[in-house]
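Trainee: Before anything else, here's the structure in question.
All of the numbers you see were taken from the coordinates with simple rules; none came from a lab. Nothing here was measured: the structure is a model prediction, and the numbers come from that model. In this analysis, Cβ positions are derived from the backbone assuming ideal geometry, glycine residues included, and neighbour counts consider all displayed protein chains.
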Amino acid sequence: MLDDPIKYGLLAMLAIALLVAAFTDLKSRRIANWLNGAIALGAPVFWWANNMALWPDVAMQLGLAVTTFLALSILFALKAMGGGDVKLLTALALWIAPAHFLQLLIMMALAGGVLTLAFGGWHIIRRQKDKLAIPYGVAIAAAGLWVIASFYVPASALNSLNG
């Protein structure tokens, strides 16, 4: 898929943004709006670099993002997910092809489960009485990075990094 350094650069910027989101969510349990906005605003440049047609390609990305936002807004209303997490995953939906987005959600759920067990255990060990807060942006970022490495970066490029 990637035959152009511009595409690599854009994916590298997305990866850096995901790492920043994970770090800030881990540190303060917040993901900044400017970061989510930058991720979302970078998507049209990525579409252009990939020569995506407005119909059906871009329309499908927008539809996926809207669907993601609507579904996660329900979880936000139920206080099952934070607002920054909703915005981060919605912005990420603008980048990830619909064919790979379900895999992203599965990896996110698995990473989120591991995070929940780890933070829950730490919470119990420290005998904290306050509400447990899981930095789910870490799981979203990890899943996003996994999808980038698995589906967007050619295996030959990854192999050259390893040896």
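Trainee: How much length is gained if the chain between residue 116 and residue 54 is pulled fully straight, taking 0.36 nm per residue apart and subtracting their Cα-Cα distance, in nm to one decimal?
Mentor: Extra length from residue 116 to residue 54 when fully extended: 18.4 nm.
Trainee: Under the classification rounded if a/c is under 1.5, otherwise prolate if a/b is larger than b/c and oblate if not, where does the stretch 36-92 fall, given a ≥ b ≥ c as square roots of the Cα gyration tensor eigenvalues?
Mentor: oblate
Trainee: Net charge near residue 79, counting Lys/Arg +1 and Asp/Glu -1 over other residues with Cβ under 13 Å of its Cβ?
Mentor: Counting the neighbours of residue 79, the net charge comes to 0.
Trainee: Hey, another quick one. Test of the criteria: in the stretch 55-139, which trypsin sites (Lys or Arg not before Pro) are in a DSSP loop and have at most 16 other Cβ atoms within 10 angstrom of their Cβ?
Mentor: Passing both the DSSP loop test and the Cβ count: 79, 126, 127, 129, 131.
Trainee: Mind listing which trypsin sites (Lys or Arg not before Pro) in the stretch 1-77 are in a DSSP loop and have 16 or fewer other Cβ atoms within 10 Å?
Mentor: 29, 30
Trainee: While we're on this one: Taking the chain as a Gaussian network, Cα atoms linked when under 10 Å apart, which of 89, 64, 132 shows the biggest mean-square fluctuation?
Mentor: 132
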